[in-house]
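Okay, structure first, notes after.
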Amino acid sequence: MPLPNPGAHVKVPRAHASALALTVLAGFGVSLALLYPGQYTYDSAFQIWQARSGEFYNITPVPMLWVWSRLLWLFDNPASLLILNLAMFWVGLGLCMQALAAPIGVRLCGVLLCGLNPLALAMMAQMLSDPHMTAAMILAIGLLAHVIRSGKTWPAWIAGLTILYAGSIRQNALLAVIPLGVLAVAALRAQQRMTVRRILVAATTTAVLTTAFAIALDRLIADERRPLWPMLALWDLAAVSVASDELLLPTFTHGAGLSVEELRETGAFDPVSATSLFARSRSGIGSGLNVPFSSEQRAALARAWWNAVSRYPGAYLEHRVRTMALLTGRHGGASGGISYYVGRATYRDNPPLPEAWFPSAQKRLYDLFAALGRSWLFAGLPYLMIHLIVIPIAWRRQRSPATDLALAVSTSALLYSASFFVLAPSAELRYLTWPIVAAPLALVLLIASRGHFEGAYAHALRPPAGAPSGASISPIPSNARP
């Protein structure tokens, strides 16, 4: 089916728009009623304390903490962040479905499939940076879909700012936002065809701007900076130590008497999580967070890390492959990692958390989560497989706005997931919140790509196979040009 002419505007039937808006509103209301006030881990409680006190530590990137502090100032309710997350999430989904030219029934089912997926609900209920980043990403995608449908460019500027913000929420979010940045640049430069060269420039520009934005916010907001990488380095060193039967942790990082045998016997080295390393050993191991390492000690730790990987690459790769297998595989049990959190942790003088609005309904929902918790529906691998399927099909399929969005979403999800091969400090499924939530959306966009968007699309993101690398490519067939 040919795409509309550049600049054409196809009106969405008012009844369809109203039905979709009501469905989005109902989905938001149902998810909020079932999840309120969210689940609060120790990290969540510490973040609330920072937001309340105004003392910001960059252990968690500070932009989300600053937003949470403003919400607490306005509403005096920590669950206000959950409301914001769900609002961004559902609005983004609604804008994506609004842009599709599929039958209204398909769009209504699509928004509910993406929004009420049980694992997505379990992930979005956690009051951590992962769902906050995911909500911002979904909103940005929805705004870009609106640009494509309407032909208006001003939402692309909002999407660009949202992308920059999303890229500052987690340390490894940069890889996730680059594909969306390329799409935003394409939307802003609608009168110019995107070539390979322009795509590379857009990707580089997105990376530079996102990095600068994150650094600037960190310098403006954070009161104390403590690097997280020493904790990951020590966990990797412990893994290689156990595999090689040689203690590789520098002496200043642990107490006297620590041995490889102690790491094994006490469970201080746990393949599931790095935190056990600092809680279970008899001799004691410092993470560098409570008592920061000096710059000289950090340099020595970095050298020890590099030397261990260089001397025992097989042991290191085995450790990282095992971590990814635990992260993406089925969860549950002592060796299966954590799939989702249920809790209401406290920290210092934090006030009591709000009570659930509908406790019996919430209990039944979490009973469902528990029943699915050890199944592949609550594992990361099936969702990553969806992205692996979407990318080649979207790449080969005839040009359409939906394929470009599907390709950007799945590329973003897989790049983000790949970073955890090196960076994951545990097998907590929450790290894959973005790929999990994005998978149904990418699939719906791919299916919808057989049709077209309800609007104009005057640019392409890539040339077809065999085209010159610098060629100017238009998605509008020549017989469809005015």
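Taking 0.36 nm per residue of separation and subtracting the Cα-Cα distance, full extension of the segment from Ala300 to Trp376 would add 23.2 nm.
Each of Thr162, Ala122, Trp90 was placed along the dipole of the range 90-200 (beta-carbon charges, centred on the mean Cα), and the one lying farthest toward the positive end is Thr162.
Within the accessible surface of the chain, defined with a 1.4 Å probe on protein heavy atoms only, the carbon and sulfur portion equals 64 percent. Relative contact order of the chain, taken over Cα pairs closer than 8 Å and 6 or more residues apart, is 26 percent. Dipole of the range 131-261 computed with +1 at Lys/Arg Cβ and -1 at Asp/Glu Cβ about the Cα centre; of Trp235, Phe252, Thr206, farthest Cα towards the positive end is Thr206.
Assuming charge only on the beta carbon of Lys and Arg (+1) and of Asp and Glu (-1), the dipole of the chain about its Cα centre is about 1800 debye to the nearest 20. Any idea what log10 I(q)/I(0) is at q = 0.08, 0.09, 0.13 Å⁻¹ for the chain, Debye with uniform C-alpha scatterers and no solvent? After summing over all Cα pairs, the log10 values are -0.51, -0.64, -1.25. In the chain, the DSSP-assigned H stretches of four residues or longer account for a calculated mean residue ellipticity at 222 nm of -20000 deg cm²/dmol, using -39500 (n - 2.57) per stretch and the full residue count as denominator.
Evaluating 6.51 cos²θ - 1.76 cosθ + 1.60 at θ = phi - 60° for every residue in the range 278-291, the Karplus couplings come out as 9, 10, 10, 6, 6, 7, x, 9, x, 8, x, 9, 5, 10 Hz, glycine and proline recorded as x. Taking label positions 7 Å along the Cα-Cβ direction at both Ala19 and Phe252, the computed distance is 6.7 nm, reported to one decimal. Can you send over the solvent-accessible area of Arg330, 1.4 Å probe, protein chains only, in Å² to the nearest 10? Estimated to the nearest 10 Å², Arg330 gives 130 Å². If you sort the three axes of the alpha carbon gyration tensor as a ≥ b ≥ c, you get a/c of 1.5 or more for the range 108-264 and a/b above b/c, which makes it prolate.
The Cα trace of the range 349-388 gives Rg and Dmax of 15.7, 46 Å, the first to one decimal, the second as a whole number. Estimated at the nearest 10 Å², the accessible area of Leu237 is 0 Å² with a 1.4 Å probe. Across the range 116-213, the mean sequence separation of Cα contacts (distance under 8 Å, 6 or more residues apart), normalised by length, yields a relative contact order of 26 percent.
In this view, the solvent-accessible surface of Asp43, computed with a 1.4 Å probe and all protein chains in place, comes to about 70 Å². Seen against the Cα atoms of the chain and their longest principal axis, helix 104-115 is set at about 10 degrees. Solvent-accessible surface of protein heavy atoms, probed at 1.4 angstrom with all chains present, puts Glu265, Glu428, Glu224 in the order Glu265, Glu224, Glu428, largest first. Surface exposure of the range 257-339, expressed per residue as accessible area with a 1.4 Å probe, stands at 50 Å². In terms of its C-alpha gyration tensor, the range 182-312 has a prolate overall shape, because the principal axis ratio a/c (a ≥ b ≥ c, square roots of the eigenvalues) is not below 1.5 and a/b outweighs b/c. Assuming a ≥ b ≥ c are the square roots of the Cα gyration tensor eigenvalues, decide whether the range 19-91 counts as rounded (a/c under 1.5), prolate (otherwise, with a/b larger than b/c) or oblate. Here the range 19-91 falls in the prolate category. Highest-first packing order for the peptide set 124-136, 345-357, 169-181 is 124-136, 169-181, 345-357, based on the mean count of other beta carbon atoms within 10 Å.
The values are calculated or read from the model by the stated rules, or taken from the named source; none is laboratory data. For clarity, every value in this text was computed on a predicted model and none was experimentally measured. Neighbour counts are summed over all protein chains in view; Cβ atoms, including those assigned to glycine, are modelled from backbone coordinates with ideal geometry. Note: areas computed on protein heavy atoms with side chains; ligands, DNA, RNA excluded. Shrake-Rupley method; radii C 1.70, N 1.55, O 1.52, S 1.80 Å.
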